[in-house]
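Each value in this text was obtained by applying a stated rule to the coordinates, not by laboratory testing. All values derive from a computational prediction rather than experimental measurement. Cβ coordinates were reconstructed from backbone atoms using ideal geometry, including for glycine residues, and neighbour counts include every protein chain displayed.
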């Protein structure tokens, strides 16, 4: 992402959009209109896959079945019941939404494979239902659907449907883009790193996965509705697994990480499919699904050579504009009241973690008071990071109990622990490499958004969440500035040095307005002056009443900073006290230097 | 439904279940070793069956040419990788090309020669079956080389997409190789058994016997032989296995070859019983998948249980509601996934 002011649109894109808008006015063959209608229909489905594949690291081969649910629902509603197509649209959303919700529900806690398999199997079931149910016309399908019309204005001619389709694509593309650059969208994109990091930032990943999947299905359903009223007939063939795979193919071809990639992919696919269907049989002779072979081979090559698809190659030549921009001024987010200095904040009692027969953490107890910096040290493998995970519920305790400000937190999921005010960083920085540093930090403020009467998704898609976004991004910029990354807001996080990535994680944790901050080796990889700056930041946070638990190997850094030190070795606590006491403790010396 | 019909359906279900069980075990094996959801497994079933049918019709099966062409492409890929490696580290240790040449060029050529030689001779069924297996199974390591090997460290979902791409490439080629029409192979077990008043078809007996034998062979392979133990080591800990010298590529090729071999045997076993065409593999493979999901792709016994649930349901629904047979069988994924959720502990961060 380049550090340049935001441009609403880039010149080449304006030309493309203008061409698409003007196409039906030009004297072109109707075949062109038909092709572009299909591109629009496919692009709608691909936009859903941008949410799934490109953002949330989810995979579905069942989008064609969802298209089918949308198409068949409106077909039934309009032909058998004789109702309005608009009712068909809404009922189609309902049917598809429920189906997707159920699939999402049963796979949300399982790893990504299961969703992909479930979409294949359920997609098959839906396809065979279309092809075998009497009421759906079996293999012949349903015919004589009405055309769309609004207030007597008919969209019967395909030039007119063209505008309905591409108008929908434009709305959907804008909506998806807006969504992805919002609080909810950032959380969706965070799913790409697995569940641990998002959960530790207060994000309910299971719920978010279901939501993402349902949204993608609704886009597919919309495409099906448009298709049904464009063709004015439906039959099972376009809704099978082959087509479900084609949607994945075109999304990956164009580039799953941007809405433009989805549209580009749909366009290229229609073009390619046409060429391959006509050309290959003539070249190679005989009958064969050559286009299936060619598309399959191309998909493999793209996945091996250019996994981000073709769009990034084009986009590199254009000016990038920022997905999210920090405003100079914004209302301050409400902060939680700090506990009085000296008030107990965290009590860990008898923490224990067993992995099979191995005891990683054994009977560890400690307290942290408000406005205190407690350092946790010990040789490698002593169980320090595991202790962190136990305190923040990232890993389950085998025995023991953790309470935070009087509430027992050891049975809560890590997102609930975060919500109570326990922020953390990870030993291995867990940032989204392709996301800007600003947006990465803003993930930490996920729980500090506003409620929206029309729902978070609609508010984000329509940009009615501007005030919220301004506050969150301003907060993120402020915290980044505090940790010394104020100049790198729009750098991709993957381009930061390792030490700076740790600082960005601290900023992300601070965005959650924590009462207690757990930092896992924050100074590792930092240069001397950066360490000094970090040290003064932590001093300052302490003076504001924050408590800090710190794992660190840099003793010089620690001894100057920590109020108290606890020492772990082989999973147990072997010493605790002031830095001086610990430094002179014979057991500690033995642990570090050997006998 | 009277008891006779019920028993007949059960017989069908058990015979099909044995096939699904073998496929599900092969899927678990490939997934454990490589993290690849090997969707094209159904195509190996069908390719073998249709190759056998071509051989039995005194033809040179066209799969022979496919084997030769894919072998050439795989060899070219190996040569290109060899040159790249040498440029990067001149004189460094590179995999020798002669092995690739033997596997990708010589072996297909030899198989093609034998196939042509035998095509005009009188038919001997076991020999024909062996030929069909020999022609189809060597495709598996080549496919691993071309499609999967460049992606060993990729996101699991990328492997999923590649698998479905391979699946469609094989379907597309299948139409060209075998034509659109379905066919059956000649029966290999034309006899019947009477068991407590119930007539049991010879083919069913053979399928069950072969499944049992194959299960034992697989068990011995994994428990007793070095390659089998190596595969188990990779399945348990890939990095650890690499450190003790078990290569990712070699184990991946071996796993896919074994899976293809199991699938090929399934193809032989079912080829006289059902009419197969180039598309049939999709449904067979996917049902193996649904079965494997019950075991979470790690448990062989649960995969077998899943296979019999799928096949018995299939068998009885084909009687009760034949039009909706596939709908019901594939909807089985829903309760299976629910069971899976209860069986698995919450796996935070495991991706």
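Tell me the label-point distance for the pair residue B:298, residue B:221, using the 7 Å Cα-to-Cβ offset, in nm and rounded to one decimal.
Taking the two extended label points, one gets 2.3 nm.
Once the Cα gyration tensor of region A:516-595 is found, what semi-axes does its equivalent ellipsoid get, as square roots of 5 times the eigenvalues, in whole Å, sorted largest first?
23, 14, 11
Calculate, for residue A:138 and residue B:6, the FRET efficiency according to 1/(1 + (r/R0)^6) with r their C-beta to C-beta distance and R0 30 Å; round to the nearest 0.05.
That gives a FRET efficiency of 0.55.
As an exercise, use a Förster radius of 41 Å and the Cβ-Cβ distance of residue A:16 and residue A:83 to find the FRET efficiency, rounded to the nearest 0.05.
0.60
Taking R0 as 60 Å, what's the FRET efficiency between residue A:149 and residue B:199 from their Cβ-Cβ distance, rounded to 0.05?
E between residue A:149 and residue B:199, to the nearest 0.05, is 0.40.
Cα atoms only: what Rg and Dmax, in Å, come out for the protein assembly as shown?
30.6, 96
If neighbour count is taken as other Cβ atoms inside 10 Å, put B:36, B:135, A:33, A:454 in order from fewest to most. Intermediate values should be presented prior to the final figure.
Numbers: B:36 25, B:135 28, A:33 17, A:454 11.
Starting with the residue having the fewest Cβ neighbours, the order is A:454, A:33, B:36, B:135.
Any idea what % of Cα-Cα pairs in region B:23-87 are farther than 15 Å?
69 percent
If you average 1/r over all unlike Cα pairs in region A:348-464 and invert the result, what Kirkwood radius do you get in angstrom?
With all distinct Cα pairs of region A:348-464 included, I get 16.7 Å.
Can you give the convex hull volume per residue for the Cα atoms of region B:3-343, as a whole number of Å³? Don't skip to the end; give the middle numbers.
Numbers: hull volume 49.6 nm³, N = 341.
Taking only Cα atoms, region B:3-343 has a hull volume of 146 Å³ per residue.
Going out from 0 in 5 Å bins, what whole percent of all Cα-Cα distances in region B:146-243 drops into each bin?
3, 9, 9, 10, 11, 15, 16, 12, 8, 4, 2, 0
Per DSSP helix of 4 or more residues, -39500 (n - 2.57); summed, then divided by the residues of the protein assembly as shown. What does that give at 222 nm, rounded to the nearest 500?
-19000 deg cm²/dmol
How much length is gained if the chain between residue A:427 and residue A:453 is pulled fully straight, taking 0.36 nm per residue apart and subtracting their Cα-Cα distance, in nm to one decimal?
5.5 nm
Quick one: plug the Kirkwood hydrodynamic radius of region A:1-130 (C-alpha pairs) into Stokes-Einstein at 25 °C, 0.890 mPa s, and report D in µm²/s. Provide the component values of the computation, followed by the final result.
Values: Rh = 17.7 Å.
Taking Rh from Cα pairs, D becomes 139 µm²/s.
Can you sort B:320, A:93, A:225 so the residue with the fewest Cβ neighbours within 10 Å comes first?
The order, fewest Cβ neighbours first, is B:320, A:93, A:225.
Among B:337, B:50, B:159, which one moves the most in a GNM of chain B with springs linking Cα atoms closer than 10 Å?
B:337
On a 0 to 90 degree scale, rounded to 10, what angle separates helix B:107-119 from the longest Cα axis of chain B?
Approximately 40 degrees, to the nearest 10.
Against the longest alpha carbon principal axis of chain B, how many degrees, from 0 to 90 and to the nearest 10, is the axis of helix B:3-34 turned?
10 degrees
Looking only at B:179, B:281, B:71, which one moves most when chain B is put into a Gaussian network model with springs between Cα atoms under 10 Å?
The residue that fluctuates most here is B:179.
What area, in nm² and to one decimal, does the C-alpha convex hull of region A:11-315 cast on average over all directions? Provide the component values of the computation, followed by the final result.
Working: hull surface 67.9 nm².
Averaged projected area of region A:11-315's Cα convex hull equals 17.0 nm².
Of B:72, B:266, A:511, how do they rank once you tally other Cβ atoms within 10 Å and put the fewest first?
B:72, A:511, B:266
Evaluate 2.2 N^0.38 Å with N set to the residue count of region A:465-514, then give the Cα radius of gyration divided by it.
1.13
Dividing the Cα convex hull volume of region B:253-343 by residue count, how many Å³ per residue is that?
Each residue corresponds to 112 Å³ of Cα convex hull volume.
Against the longest alpha carbon principal axis of chain B, how many degrees, from 0 to 90 and to the nearest 10, is the axis of helix B:156-178 turned?
70 degrees
How many percent of Cα pairs in region B:214-310 exceed 23 Å? Present the calculation step by step, with values, prior to reporting the outcome.
Details: 1650 of 4656 pairs.
Of all Cα-Cα distances in region B:214-310, 35 percent exceed 23 Å.
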